[in-house]
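The values are calculated or read from the model by the stated rules, or taken from the named source; none is laboratory data. Model, not experiment: these values are computed from the prediction. Positions of Cβ are backbone-derived with ideal geometry, glycine not excepted, and every protein chain shown enters the neighbour counts. Surface accessibility is based on the protein's heavy atoms, side chains included, excluding ligands, DNA and RNA. Shrake-Rupley method; radii C 1.70, N 1.55, O 1.52, S 1.80 Å.
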Amino acid sequence: MTHVITAMPEYESYQNHEVGELPIAWKMRRFRDVFDFSKGLNITKENLEDVGVPCVSYGEIHSRLPFKLAPSRHEIKCVNKYYLKHNNKSLLNIGDIVFADTSEDIEGSGNFLQLVEDATIFAGYHTIIARPNDEYEDRFLAYLLDSRCYREQIRRAVKGVKVYSITIKILKNTTLWLPSKAEQVAIAKYLDEKTTQIDEATGIKEQQIALLNELKKIIIQNVVTKGLNPNVNFKDSGFDWIGEIPAHWEVTSLGPLLKPISQKGRPDLPLLSITREQGVIVRDVKNLGSNHNFIPDDLSGYKVINKGHFGMNKMKAWQGSYGVSDFSGIVSPAYYIFDFNKPIIPEYFHWAIRSRLYVSYFASASDGVRIGQWDLSKTRMKSIPFLVPSEEEQEAIAKFLDEKTTQIDEVTRIKKQEIDKLNEYKASLINSAVTGKVKVI
């Protein structure tokens, strides 16, 4: 991929500038001389609605919306139409750049998007609008601001510990480098074409990863409800959401299967957490300061969870934040910890309980506290049915799923590596084009 870049023509001569080596004819400008500024709406997340005038907030810039924003193709939260009466300065024009004015990490400092179609849309809370002057090609400027050379200026200038602030003053004092208008247009057209091709290739691989993840869920769900032998006799489980199961399997419930335990007073043990993605994991104690969850100095009130115990974040059980622990340590005193009353293979229980069958069932056993925080009722949880094969079958199912999901995860890992390489190539291509390392005109 590097060969593709270096094989292109170069400029005849270069000179050194504060940002590196640039074509000798290119001009240096301060950001303040190329852009005009305004701020997004002075609102909060609670002001956003499902219908109304689209409004881009800083969180969407960081996490969800693409570099090239097209409201007709991207779902965006809205604000009430009455904001149109007195907030014209926060409306975007096509070509405008919208920066997130804060970031939780240094890498995200300077994240932005550009409006690429004519639409009525607001910049929202914690955003800065940068409007390019008409004499410059706005698509070239977007690629320039996305380049490594430019982003490094932002990262050197921002200040913060837990949150990094990107101010209008910081932006105004950064340096831009500009070829002729004709070259700006040519570079932007070249990068639009090339990055679109790369994005399409990346999208195909992301779809493949999504299909692999879906395949894994289907395999797990099928095996923990039907077993490994399709030729056995089946019976009705008595539950529509489970369907038929092997006739010799026992149908019990979580109540008699699980025994609540609550051991405390071991602050010397490793700090663990319970996540939706992986179940019980070792917590990264080096980065506790950047975590939003409060960690007390005295951990003696935290609950002990031993290897083989079943742990659950009761406020997020509806998301699937539970699992059998592979570790011994301590977790939040708000979590539920269980041992097993009946002979059961912990690895099998982990696969079964984390299958997608159970997520909706735990949701139905949870009561709303606030959005995203639903408290699981232990009484209703006890009535949730659970399928128990023989211990021999449990071991076989656990082994099969370990092997099968490892194979799928390996293919997924390779796909993710390929995406990383495509993204690296894209970043190199942009940086080379906007700094004149390659000549596209």
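Of Ser383, Thr406, Thr435, which is farthest towards the positive pole of the stretch 354-440's charge dipole, taken about the Cα centre with +1 and -1 on the beta-carbons of Lys, Arg and Asp, Glu respectively?
So the residue furthest toward the plus end is Thr435.
Let me know the volume per residue of the alpha-carbon convex hull for the chain, in Å³. Walk me through the intermediate numbers first.
Numbers: hull volume 80.2 nm³, N = 441.
About 182 Å³ per residue, rounded to a whole number.
Taking the alpha-carbon distance from Lys303 and a cut-off under 20 Å, which lysines remain once sequence neighbours fewer than 8 residues away in the same chain are dropped?
Lys259, Lys264, Lys314, Lys316, Lys378
Where does the chain land at 222 nm, in deg cm²/dmol rounded to the nearest 500, when only DSSP H runs of n ≥ 4 count, each adding -39500 (n - 2.57), divided by all residues? Let's see the in-between values first.
Details: 12 runs with 154 residues, N = 441.
Value at 222 nm, helices only, nearest 500: -11000 deg cm²/dmol.
For the chain, modelled as a GNM with alpha-carbon contacts under 10 angstrom, which of Lys81, Lys316, Lys382 fluctuates the most?
So, out of Lys81, Lys316, Lys382, the one fluctuating most is Lys81.
Using just the alpha carbons, could you tell me how many Å³ per residue the convex hull of the stretch 233-343 encloses? Walk me through the numbers on the way to the answer.
Values: hull volume 13.9 nm³, N = 111.
Cα convex hull per residue, to the nearest whole number: 125 Å³.
If the reach is capped at under 19 angstrom between alpha carbons, list the lysines near Lys416, excluding any in the same chain fewer than eight residues apart.
Qualifying lysines at Cα under 19 Å: Lys205, Lys216, Lys217, Lys404, Lys426.
Go from 0 up to the bin containing the longest alpha carbon distance in the stretch 208-266, width 5 Å each, and give me the % of pairs per bin.
Whole-percent P(r) values from 0 Å outward: 4, 14, 17, 16, 14, 12, 9, 8, 5, 1, 0.
Taking the Cα atoms of the stretch 66-118, what is the range of coordinates along each of the three principal axes, in descending order and whole Å?
36, 22, 19
Tell me, what is the per residue accessible area of the chain in Å², probe radius 1.4 Å?
On the way: 22910 Å² over 441 residues.
Dividing the accessible area of the chain by its residue count gives 52 Å².
What FRET efficiency comes out for Ile408 versus Val51 if R0 is 41 angstrom and r is the Cβ-Cβ distance? Round to the nearest 0.05. Kindly include the intermediate steps, with their values, before the conclusion.
Values: r = 40 Å, r/R0 = 0.96.
Computed FRET efficiency for Ile408 and Val51 comes out at 0.55.
Using 0.36 nm per residue of separation minus the Cα-Cα distance, give me the extension gain between Lys378 and Lys421 in nm, one decimal.
Details: separation 43, 0.36 × 43 = 15.48 nm, distance 4.66 nm.
Result for the pair: 10.8 nm of gain on full extension.
Taking the Cβ of Asp138 as the center, what net charge do the other residues with Cβ under 14 Å away carry, scoring Lys and Arg +1 and Asp and Glu -1?
Working: positive: Lys68, Arg131, Arg139, Lys181, Lys189; negative: Asp36, Asp96, Glu117, Asp118, Asp134, Glu135, Glu137, Asp146, Asp192.
Once positives and negatives cancel, what remains is -4.
Decide, for the stretch 170-315, between rounded, prolate and oblate: order the square roots of the alpha carbon gyration tensor eigenvalues as a ≥ b ≥ c, take rounded if a/c falls under 1.5, and otherwise choose prolate if a/b is larger than b/c, else oblate.
Verdict is oblate for the stretch 170-315.
Compute the Cα gyration tensor for the stretch 71-204, then decide on rounded, prolate or oblate, letting a ≥ b ≥ c be the square roots of its eigenvalues: rounded whenever a/c is under 1.5, prolate when a/b is larger than b/c in the other cases, and oblate in all that remain.
Details: a/c = 1.39, a/b = 1.09, b/c = 1.28.
The shape class here is rounded.
Please give, to one decimal in nm, the separation of the simple spin-label points placed at Ser364 and Lys172, each 7 Å out from Cα toward the Cβ.
A separation of 6.0 nm, rounded to one decimal place.
Output needed for the stretch 166-210: three equivalent-ellipsoid semi-axes, defined as square roots of 5 times the C-alpha gyration tensor eigenvalues, in descending order, whole Å.
Working: eigenvalues 194, 79, 5 Å².
Result for the stretch 166-210: semi-axes of 31, 20, 5 Å.
Over the Cα atoms of the stretch 297-431, what radius of gyration and what Dmax do you get, in Å?
19.1, 61
Taking the alpha-carbon distance from Lys27 and a cut-off under 19 Å, which lysines remain once sequence neighbours fewer than 8 residues away in the same chain are dropped?
Lys172, Lys181, Lys437, Lys439
Using a simple charge model, +1 on the beta-carbon of Lys and Arg, -1 on the beta-carbon of Asp and Glu, nothing else, what dipole does the chain show about its Cα centre, in debye to the nearest 20? Before the final figure, lay out each step's value.
Numbers: 57 positive and 56 negative charges, 217 e Å.
I would put it at about 1040 debye.
Placing +1 at every Lys and Arg Cβ and -1 at every Asp and Glu Cβ, with all other atoms neutral, what dipole size does the stretch 93-179 have around its Cα centre, in debye to the nearest 20?
Details: 10 positive and 13 negative charges, 117 e Å.
That gives a dipole near 560 debye.
At 1.4 Å probe size, with the rest of the protein present, what percent of the exposed accessible area of the stretch 302-355 is carbon and sulfur atoms? Working shown, then result.
Numbers: 840 of 1730 Å².
Its accessible area is 48 percent carbon and sulfur atoms.
Evaluate the distance, in nm, between pseudo-label points positioned 7 Å from the Cα of Glu206 and of Ala334 along their respective Cα→Cβ axes.
Between Glu206 and Ala334, the simple spin-label model gives 3.1 nm.
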